[in-house]
């Protein structure tokens, strides 16, 4: 099975066999652009070119022919917006899930709708992640683009379209779009009308493992895959990643230390909370309640690029490890692209609070790692309010390779964090979903053959209590400043 993941920083692919082995891997970088404060865009054509590169590289690493690939699954960022014309070509850069440009349109939606009713209908609050306000922003600011558009789709839906020629929508893009009635399992006409689009823009909704088409002759020439290879609807990246990390039972928790920060909790029943997102699990009948922080590892990358370009992340970790927990009294608010869950404040800003001349680069870097961990802890508090307690917690993504960041997260959360050995994340989940779709696997539990725990980061109770005190300040800093962030946004917009 070939699994492809359209990620924020890279397009990744794996080939895996049915016995639990990953036999080939490849990735190609992608570019996230933020041309104005709060904007986040990418080039969908770059994703498509990358798919051709990583698919061919994976096939070049194995001895078997492309006809041996039983199925293809694609995962990706959600709910990214890609607008295409009548030829299936993107009309503009994608608008990413963490883009915060539509704050005025969000307020318009909230003024016109009953927010509680929208949450009950769609499972999603009206936030910077909602598709409707972003489409309304496009209608107001780029009407010429919308005049040429015939479809709106997500990142992985776009790749599936270019592989198969068909138009499909995977259920989690529909659900996270905020335009889908969870109970009727259909698009919500009122929300579509407010978003200034109609049903013809949206493809047919499918479960992740549903086969939606075969690789076309043109796509085969680009990817090296055999023409006709089955392609499934795919999966949201965080959902695929959570499943491939073993989240199957009620109480399983995953912390994803990636470019953005995800926290996912597996549910056997439907739970709605206005501060969190809801997803369908890839396993029918189950759900994932989850949070997504707009920036996480991307702050670390920004800090290194701007202030320590000659150092590796390992060297920055070594510096920060010499600093005691609490970073010498520094607190970082990690709201560098606004924030999604659990505060849903697109105008929030990043902040370093408590600086003195005694602080060094190592203090600031450690405070960034701790600030991101405080963001995760905020989500645990929300879950605990609903009686949702983690029975097992795992940690994945690039940040999990950092011993320091992983250990800081364990201390802040007060949970043992199991690290998965060589976890490819979403691409593995996408590949397994493809395997279920074409009948290679009989049971979702077979994912366990791909999972190996390589170590556990244990929390220190004394450190946890210290971090709890710092977390209280972290929350107070935001609450005391949140009314001032709109003024900064006005100033920034005037400067642009």
If residue 83 satisfies every condition in (1) at pLDDT below 95; (2) within 16 Å of residue 202 (Cβ to Cβ) but one, which is the exception? (1)
Residues that are at pLDDT below 90 and more than 13 Å from residue 270 (Cα to Cα), drawn from the stretch 112-130: 125, 127, 128, 129
For the stretch 246-264, enumerate the residues that are on the phi > 0 side of the Ramachandran plot and surrounded by fewer than 21 Cβ atoms within 10 Å (Cβ to Cβ). 251
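Let's see how each residue does on (1) touching a strand residue (DSSP E or B) at 6+ places or on another chain (Cβ under 7 Å); (2) in contact (Cβ under 8 Å) with a residue 60 or more places away in the chain; (3) closer than 24 Å to residue 479 by Cβ:
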residue	(1), (2), (3)
272	yes, yes, no
275	no, yes, yes
287	yes, no, no
296	yes, yes, yes
300	no, yes, no
307	no, no, no
324	no, no, no
328	no, no, yes
331	yes, yes, yes
Just to be sure before I move on: is residue 164 touching a strand residue (DSSP E or B) at 6+ places or on another chain (Cβ under 8 Å), in the same structural domain as residue 219 (by TED's automatic domain parsing) and surrounded by fewer than 24 Cβ atoms within 10 Å (Cβ to Cβ) in the structure I sent? yes
Scan the stretch 26-54 residue by residue and report those that are crowded, with 16+ Cβ neighbours inside 10 Å and in a helix (DSSP H, G or I). 44, 46, 47, 48, 50, 51, 52, 53, 54
Residues located in the stretch 469-485, provided they are in contact (Cβ under 8 Å) with a residue 60 or more places away in the chain and either surrounded by fewer than 12 Cβ atoms within 10 Å (Cβ to Cβ) or under 30 Å from residue 394 (Cα atoms) (or both): 470, 471, 473, 474, 475, 477, 478
Helices (runs of 4 or more DSSP H) contained entirely in the stretch 150-233, each with at least 3 residues that are in contact (Cβ under 8 Å) with a residue 24 or more places away in the chain, within 23 Å of residue 83 (Cβ to Cβ) and under 25 Å from the mean Cα position of the chain (by Cα): 155-164, 171-177
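The values are calculated or read from the model by the stated rules, or taken from the named source; none is laboratory data. Here the structure is a predicted model, which means the values were calculated and not measured. Glycine also receives a Cβ, built like all others from the backbone with ideal geometry; neighbour counts cover every protein chain displayed.
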